[in-house]
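The values are calculated or read from the model by the stated rules, or taken from the named source; none is laboratory data. This structure is a prediction, so every number in the text was calculated from the model and none was measured. For neighbour counting, all protein chains shown are included, and Cβ atoms are generated from backbone atoms with ideal geometry for every residue, glycine included. Please note that ligands, DNA and RNA were not included when accessible areas were found on the heavy atoms of the full protein model with its side chains. Shrake-Rupley method; radii C 1.70, N 1.55, O 1.52, S 1.80 Å.
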Amino acid sequence: MISARFNKLLRNCSSLYKKNQIRHAMIEKQTKIKINNIEINYLKVGNGPQTLLLLPGALGSIFTDFKPQIETLNREKYTIVAWDPPGYGFSRPPDRDFSPGFFYRDADYAISLMKSLQIDKYSLLGWSDGGITALIMASKAVDSVEKLIVWGSNAYVTEKDIELYEKIRDVQKWSPRMRQPFIDLYGEKYFSDTWNAWVNSFQIILKENGGDICREALSKIDAPTLILHGAQDPLVPMEHPVHLHKKIKYGSLEIYPEGKHNIHLRYAELFNSAVDDFLAEDL
């Protein structure tokens, strides 16, 4: 059941992968900057007074995950920065490192990226794993993060969550339409190996950390936070956004009753409108 639902949720966004990655790479200039020891791939567009940093999900990259936001959000209102986390997209080499603390390392790299770009104030939009990174960033760069928007994200994992991940571990059981874009971007071996390592990383978090990913970060977040969630999300049960809403002091929660994991792609116009409205509110 979960595999079928997972196949369906990504069916709508699979066309956003390599062909769009290549096409948009020619239109929008992506570039690299050395952050510590890694060449980080990023995109910067627009010249608006509010800066947004877009953080993709697992194995995600700039245009695979955020095409409707990059294309549609007002570039006179926003300066949009999007990145490929280390080991994803074109921020390779190195291969993705899922050793303990990888979300905190991603947060440190993203904070350093914004410092290197000489951007002192910014808001965060984080999807899924990118939302976890955003939560940690907001807890660490308190003076820099103005607002925070996360969706499909969680601060811990449970045995039930791991069962969901295990059901989609074998990428050969994914539909060809869902699997092929990742193969096009990464090659079959890197894609399969990295996805398996991703599932393994949460097994380790559950076993060694009691499932805790970033619970301690939530109480440190001072930025107004919008938590969006698809009620039909097959990967992130409803208890997770409820927990975030309860623990983040200035958090608000908005549910998409028919939404799944990719609400920003499936309901792009509605999602972008919610982003605009939230960012327009007074700090």
- Query: For the range 80-163, with every protein chain kept in place, what is the accessible area per residue (1.4 Å probe, Å²)?
  - Reply: 32
- Query: What percent does the relative contact order of the chain come to when contacts are Cα pairs within less than 8 Å and at least six residues apart?
  - Reply: 19
- Checking rank on 186-195, 168-177, 255-264, 132-141, with mean other Cβ inside 10 Å and highest first, the result is 132-141, 255-264, 186-195, 168-177
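Computed FRET efficiency, Cβ-Cβ of GLU208 and GLU254, R0 30 Å: what is it to the nearest 0.05? Could you put the intermediate results ahead of the total?
Details: r = 34 Å, r/R0 = 1.12.
In this case the efficiency is close to 0.35.
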- Cα gyration tensor shape for the range 180-271, rounded if a/c is under 1.5, else prolate or oblate: oblate
- When all protein chains stay in place, what accessible area (Å², nearest 10, 1.4 Å probe) is found for LEU54? 0
- Message: With +1 assigned to the C-beta of every Lys and Arg and -1 to the C-beta of every Asp and Glu, and no other charges, what is the dipole magnitude of the range 176-283 about the Cα centre in debye, to the nearest 20?
- Response: 420
- Query: Which shape class, rounded, prolate or oblate, goes with the chain when its Cα gyration tensor gives a ≥ b ≥ c as root eigenvalues, a/c under 1.5 marks rounded, and past that a/b bigger than b/c marks prolate?
  - Reply: rounded
- Message: For LYS147, give me every one of the lysines with a C-alpha distance below 24 angstrom, ignoring sequence neighbours fewer than eight places off in its own chain.
- Response: LYS44, LYS67, LYS77, LYS115, LYS121, LYS220, LYS246, LYS247, LYS249, LYS260
- Rounded to the nearest 10 Å², what accessible area does HIS243 show when all protein chains are kept and the probe is 1.4 Å? 40
- Query: Given R₀ = 45 Å, FRET efficiency for LYS220-ASP184 by Cβ-Cβ distance, to 0.05?
  - Reply: 0.70
